[in-house]
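Notes for the one structure printed next.
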Amino acid sequence: MLTRRELMAASAAVLASSREALASEAGLVALPDKKPLIARSFRPPNFETPLADLRQPFTRNDAFFVRYHLPVIPEIDTSDWTLAIAGPGTERELTLSLRDLRRDFERVAIPAVNQCSGNRRGLFVPRVPGVQWEHGAMGHALWGGVRLADVLRRAGVRPDAVEVVFECADAGVLPQTPVYVKSLPIDRAVAESTLIAFEMNGKPLPHLHGAPARLVVPGWTATYWMKHLRTIRVVQQPFDGFWMKNAYRLPLGAFPGARFPSQDDASTTPITEILVNSIITSPAEGNRLRRSKPAEVRGWAWDGGSGIAAVDISVDRGQSWQPAKLDAEIGPFAWRGFRFRLDTRTAGTLEVMARATGRNGQRQPQALTVNAAGYHHNVPQVVKVEVA
Amino acid sequence: MKHLRLARLFLALCSISATAADETSIVLIDAPDRDFTTAHCAICHSLDYITMNAPVMDRARWRATVQKMIDRFGAPIEAKDVDRLVAYLSQHYVNRE
């Protein structure tokens, strides 16, 4: 049965997610402060970045994909927001304002890919349920903030700490729905690159990207990049919650990547690092190229932080490969540009593919590793173009 | 009846947010039990969760999904109503490829 409180929460949710949504052509819809994006769902808002907006080195804030599990998303007043650092694994509790964070800790900015675990789920064969993302549940931004490690050091982490738990301000319509809470293993939480971020591409973090402050976990999938942070708890026992124990799980041993042993069960393990991947941003599917006119394949390659060692291009659907030229590397968690001059002297169809290899030796696979939730799609795209 | 109350809640929510492209643009296929399904399935999220997943679904997957909404997310759906919801969903929102 619905109480008055639940009804009000539900109304707030609808207002928050569909306020002033504007239609435009091609099924694109603009949320407040966003340019038109591909609408996957309205409430909670799940909006995908069109391929054309992934061409710039840094994905614009207003073009960046939006992903929420739960629809009650309060607009938080930055001036009276505070972040609590607590839990049995700390020596002392802290309450920090945004001003405290800015003033008391060293500032850091890291260029990093933010990619949903289910990016490209909609391209799985056989298909699987969930938000049917194609290529744009990802983006690349410069994330600015402070190191979580520095903040935790001030609170004092006890030696027997196992995980760090992150609680946010967003919630479900009914109190029975588990709120979105996630944890990280202690070693990943205190890694140099894990940030409490309050800036995105040099601007204050926009509302739909987690204002006032969010977690940034470069190299790990976006499920851990908690938005609208409220409380960070250091704990000595594995965190037991729906979004850790029952969601974002992979078959044990099916994929490479960092381990999260305190959350393993007999047959499954949490998703962790991003697998090596690439995207062709041009040409686009179905483009017609003029015969003998210069044309280039361009795109981005990234992995979980080992860095990109090589990108190979095929124009014959993977029968033969040639190396692409790589742009300069700007950081281990950033994406790296690649380019390749196409031979347009003969008319016909080209089936263009890009295949990235990381410095850790891992390479994009030929076949998908099927898994029930549709995570880790990193099979090379095939972009068909006509030379005429 | 409970589902009428839920339907009224849904309509109340819709009237708050009548703009050009918002979730009110998503309406389930007009057939028996459309309103019954809308009333139970639009409480926590918009109905695009249903339409978006249609190409992926069959009857067994709809049954599992409805059960997941109840067991995991606390959907206020009585056991006796599950068959009726699964019947509507698997008649109108399944893979026809």
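The values are calculated or read from the model by the stated rules, or taken from the named source; none is laboratory data. These figures come from a predicted structure and were not determined experimentally. Ideal geometry is used to build each Cβ from the backbone, glycine not excepted, and the neighbour counts take in all protein chains shown. When the accessible area is computed, the model is the full protein with side chains, heavy atoms only, and any ligands, DNA or RNA have been set aside. Shrake-Rupley method; radii C 1.70, N 1.55, O 1.52, S 1.80 Å.
Taking the residues in region A:172-188 that are closer than 26 Å to residue A:61 by Cβ and open to solvent by less than 10 Å² (accessible area, probe 1.4 Å) as candidates, determine which candidate is nearest to the other protein chains (Cβ to nearest Cβ).
A:182
Report yes if some residue within region A:241-254 is hydroxyl-bearing (Ser, Thr, Tyr), without any contact (Cβ under 8 Å) to a residue 60 or more places away in the chain and outside the structural domain of residue A:47 (by TED's automatic domain parsing); otherwise report no.
no
Which of the helices (runs of 4 or more DSSP H) contained wholly in region B:1-76 include at least 2 residues that are modelled with pLDDT of 95 or more?
Helices (runs of 4 or more DSSP H) meeting the threshold: B:34-41, B:48-53, B:59-71.
Taking region A:267-286 only, how many residues are part of a strand (DSSP E or B), open to solvent by less than 10 Å² (accessible area, probe 1.4 Å) and over 30 Å from residue A:315 (Cα atoms)?
Count: 1.
Restricted to region A:189-214, and to residues that are in contact with a strand residue (DSSP E or B) (Cβ under 6 Å, 6 or more places away or on another chain) and aliphatic (A, V, I, L, M), which residue is nearest to the other protein chains (Cβ to nearest Cβ)?
Applying the filter and picking the extreme gives A:208.
Any idea which of (1) in contact with a Lys or Arg (Cβ under 8 Å, 6 or more places away or on another chain); (2) assigned to a loop (DSSP other than H, G, I, E, B) is the one residue A:355 doesn't satisfy?
The single condition residue A:355 does not satisfy is (2).
(1) within 23 Å of residue B:42 (Cα to Cα); (2) open to solvent by 10 Å² or more (accessible area, probe 1.4 Å); (3) modelled with pLDDT of 95 or more: which one isn't true of residue A:58, the others all being true?
If we test residue A:58 against (1) within 23 Å of residue B:42 (Cα to Cα); (2) open to solvent by 10 Å² or more (accessible area, probe 1.4 Å); (3) modelled with pLDDT of 95 or more, just (1) comes out false.
Are any of the residues in region A:16-28 within 24 Å of residue A:282 (Cα to Cα) and at pLDDT 50 or above?
yes
So which of A:143, A:133 is in contact with a strand residue (DSSP E or B) (Cβ under 9 Å, 6 or more places away or on another chain) and within 14 Å of chain B (Cβ to nearest Cβ)?
Result of the check over A:143, A:133: A:133.
Pick out the one residue from A:306, A:292 that is at pLDDT 95 or above and over 26 Å from residue A:142 (Cα atoms).
A:292
Please pick out the residue among A:157, A:113, A:162 that is surrounded by fewer than 23 Cβ atoms within 10 Å (Cβ to Cβ) and either within 17 Å of the chain's Cα centre (by Cα) or over 18 Å from residue A:224 (Cα atoms) (or both).
A:157
For region A:26-34, state whether one or more residues are farther than 16 Å from residue A:115 by Cα, in a strand (DSSP E or B) and in contact (Cβ under 8 Å) with a residue 12 or more places away in the chain.
There is at least one residue in region A:26-34 that is farther than 16 Å from residue A:115 by Cα, in a strand (DSSP E or B) and in contact (Cβ under 8 Å) with a residue 12 or more places away in the chain.
State which residue is nearest to residue A:131 (Cα to Cα) when the search covers only region A:241-266 and only residues that are among the small types (Gly, Ala, Ser) and surrounded by 14 or more Cβ atoms within 10 Å (Cβ to Cβ).
Here the answer is A:247.
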